[in-house]
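Got a structure for you, written out below as structure tokens; questions coming shortly.
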Amino acid sequence: MNLKDYIRSIPDYPKKGILFRDITTLIKDESAFAETINQIVERSKKFNFSKIAAIESRGFVFASAVSFVLKKPFIMLRKKNKLPADVHSVDFELEYGTATIEVHKDSINEKDEVLIIDDLIATGGTADAAAKLVEVSKGKVAGFVFVINLFDLGGSDNLVKKNYKVENLIEFPGH
């Protein structure tokens, strides 16, 4: 099954000049979604990890299913002010603005090796912030698995340059 066939491309969203890669067409097809989870599970075997984290919100779709299959704890990396208990926070730049992600202080500790899963990597700002959040929490980043890598935007390469291990299922140009 070619997962690329299940990704819809939407030009000029969320702003002019962006070609948005839409995963809703992938997850609404039960066979394509199952194949995606199976491929993430297989790629995950390349890493040594004790917990799975995902970046809000589309990363939750994939990571929660992988967490269930692998019987690993699932940690939500959320947007600012979405978590009720004490949090660690990291501010970062997006392609089209700034943002903050947070994690509960009691979610990750110094014994944890965390695999971070997300739907897509573009410039890598959000993924880099997720890594910093794990490290601020005293955990270690085991690596990343992305469904889509927008290879010409450099995010995956930037993570590799920082000595993170990175896997992805499919690739598209970012423009």
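Looking at the range 36-50 only, could you name the residues that are without any contact (Cβ under 8 Å) to a residue 40 or more places away in the chain and either aromatic (Phe, Trp, Tyr) or part of a helix (DSSP H, G or I) (or both)?
Across the range 36-50, the qualifying residues are ILE37, ASN38, VAL41, GLU42.
If VAL90 satisfies every condition in (1) surrounded by fewer than 16 Cβ atoms within 10 Å (Cβ to Cβ); (2) under 14 Å from ILE116 (Cβ atoms); (3) of a type outside the set (Lys, Arg) but one, which is the exception?
Answer for VAL90: the failing condition is (1).
List pairs: first in the range 13-35 and in contact (Cβ under 8 Å) with a residue 12 or more places away in the chain, second part of a loop (DSSP other than H, G, I, E, B) and surrounded by 14 or more Cβ atoms within 10 Å (Cβ to Cβ), Cβ under 8 Å, 6+ apart or cross-chain?
Close Cβ pairs (under 8 Å, with a partner that is part of a loop (DSSP other than H, G, I, E, B) and surrounded by 14 or more Cβ atoms within 10 Å (Cβ to Cβ)) amount to ILE18/GLU95; LEU19/GLY174; ARG21/ILE7; ASP22/ILE7; ILE23/ILE7; THR25/ILE7; LEU26/ILE7.
Rundown of residues vs (1) modelled with pLDDT of 95 or more; (2) more than 20 Å from ALA142 (Cβ to Cβ); (3) among the small types (Gly, Ala, Ser); (4) touching a Gly at 6+ places or on another chain (Cβ under 9 Å), yes/no style:
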residue	(1), (2), (3), (4)
ASP5	yes, yes, no, no
TYR13	no, yes, no, no
ILE23	yes, yes, no, no
GLU30	yes, yes, no, no
GLU35	yes, yes, no, no
ASN38	yes, no, no, no
ILE52	yes, no, no, no
PHE62	yes, no, no, no
VAL66	yes, no, no, no
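Can I ask one more? What tally of residues in the range 51-65 results from selecting those that are free of Cβ contacts under 8 Å to residues at least 60 places away in the same chain and either at positive phi or crowded, with 24+ Cβ neighbours inside 10 Å (or both)?
Quick first cut of the range 51-65, residues free of Cβ contacts under 8 Å to residues at least 60 places away in the same chain only: 56-57, 60-61, 63-65.
Add one more test, that the residue is either at positive phi or crowded, with 24+ Cβ neighbours inside 10 Å (or both), and what stays is 63.
The number of residues fulfilling the criteria is 1.
Something else now. Can you list the strands (runs of 3 or more DSSP E) lying wholly within the range 78-175 that have 1 or more residues being out of contact with any helix residue (DSSP H, G or I) (no Cβ under 8 Å at 6 or more places or on another chain) and without any contact (Cβ under 8 Å) to a residue 40 or more places away in the chain?
87-94, 97-104
Sticking with this one: Among GLU171, GLU135, which is the only one that is modelled with pLDDT of 95 or more, among the acidic types (Asp, Glu) and either more than 17 Å from the chain's Cα centre (by Cα) or over 13 Å from ALA122 (Cα atoms) (or both)?
Working: GLU171 fails: either more than 17 Å from the chain's Cα centre (by Cα) or over 13 Å from ALA122 (Cα atoms) (or both).
None of the other options fit; the residue is GLU135.
In the range 147-167, what count of residues is obtained for those that are of a type in the set (S, T, N, Q) and either within 20 Å of ILE7 (Cα to Cα) or at pLDDT below 95 (or both)?
2
What tally of residues in the range 134-158 results from selecting those that are closer than 15 Å to GLU93 by Cβ, of a type in the set (A, V, I, L, M) and buried (at least 22 other Cβ atoms within 10 Å of the Cβ)?
Of the range 134-158, the ones closer than 15 Å to GLU93 by Cβ are 153-155, 158.
From what is left, the residues that are of a type in the set (A, V, I, L, M) are 153.
From the residues that got through so far, the ones that are buried (at least 22 other Cβ atoms within 10 Å of the Cβ) too are none.
Counting residues in the range 134-158 that are closer than 15 Å to GLU93 by Cβ, of a type in the set (A, V, I, L, M) and buried (at least 22 other Cβ atoms within 10 Å of the Cβ) gives 0.
The values are calculated or read from the model by the stated rules, or taken from the named source; none is laboratory data. As the structure is a prediction and not an experimental result, all values here were calculated from the model. Virtual Cβ from ideal backbone geometry, glycine too; neighbours counted across all protein chains shown.
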